[in-house]
1. Where the centre of each part is set by its Cα atoms, how far does the range 105-123 sit from the range 17-48, in angstrom?
2. Mind checking the range 74-161 for trypsin sites (Lys or Arg not before Pro) that DSSP puts in a loop (not H, G, I, E or B) and that have at most 10 other Cβ atoms within 10 Å?
3. Place a label point 7 angstrom from the Cα of ILE140 along the Cα-to-Cβ direction, then list the residues of the range 69-92 whose backbone nitrogen is under 20 Å away.
4. Let's see if you can work this out: charge +1 on each Lys and Arg Cβ, -1 on each Asp and Glu Cβ, no other charges. What is the dipole magnitude of the range 46-161 about its Cα centre, in debye to the nearest 20?
5. Based on the alpha-carbon set only, what is the convex hull volume of the range 20-103 divided per residue, in Å³?
6. Per residue of the range 52-60, what does 6.51 cos²θ - 1.76 cosθ + 1.60 with θ = phi - 60° give for ³J(HN,Hα)? Whole Hz please, x for Gly and Pro, Karplus curve as stated.
7. Apply the Karplus parameterisation 6.51 cos²θ - 1.76 cosθ + 1.60, with θ equal to phi minus 60°, to every residue of the range 25-40 and state each ³J(HN,Hα) to the nearest whole Hz, in sequence, with x for glycine and proline.
8. For ALA94 and MET29, what does the FRET efficiency come to when R0 = 45 Å and r is the distance between their Cβ atoms, rounded to the nearest 0.05?
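Nothing in this text is a laboratory measurement; each read-out follows from the coordinates by a stated rule. From a predicted model like this one, the values you see are computed outputs, not experimental measurements. Don't worry about glycine lacking a Cβ; one is built from the backbone with ideal geometry, like all the others, and counts go over all protein chains shown.
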Amino acid sequence: MDTQVNGNTKVDIKGLAEKWKGKRGNLIMILHEIQNHYGYVPREVSLQLSEVLDVPLARIYEVITFYNFFKLEPPGKHTISVCMGTACYLKGGAKLLDEIKNMFAVEEGQTTKDGLFHLQVVRCLGCCGLAPVMMIDGKIFGKVKPDELMNILSPYVKGEV
Ligand code: FES
């Protein structure tokens, strides 16, 4: 039997179901434990959970999508946050976002196929004077021009960061 999901050891769903049996909010608590383990809630784990708990898969997805802290995509090794707050938007934030989407064939809220980058949009990183701003894993890059993106991102692509 397959013992891994996305490179992680499989979580013991039956054990989790037993642990949270009869407790209030047990589905949410189980989903938290699953996400803590994998970094997101893999579809095949949701399917298994649906069988073990005898809860329709649609109900599980309803809960996952209602609470925005649950993720359906594996997290990337690095997170690129592009600011689309007013100042950054007016100074070309949308162009940066488009350029990154094209460079890595990824949409906002998604992770690149190789798992290297997760792309997200944020509303104001608190340094509007540096607009347009992007952040990679907590490091701020200000006054970024689209043609500088390759230089900024290549150390991450080469694994130097
Ligand atoms: S709007 Fe982008 S940092 Fe404030």
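1. Cα centroid to Cα centroid, the span is 24 Å.
2. Here the trypsin sites (Lys or Arg not before Pro) that fit, given the DSSP loop and packing criteria, are LYS113, ARG123, LYS158.
3. So the set is 79-92.
4. It comes to approximately 440 debye.
5. On the way: hull volume 10.9 nm³, N = 84.
Hull volume over Cα atoms, normalised by residue count, gives 130 Å³.
6. Result, rounded to whole Hz: 5, 8, 6, 10, x, 4, 4, 5, 5.
7. Once rounded to whole Hz, the list reads x, 5, 4, 5, 5, 5, 4, 4, 5, 5, 5, 4, 6, 9, x, 6.
8. Numbers: r = 39 Å, r/R0 = 0.87.
After rounding to 0.05, the efficiency reads 0.70.
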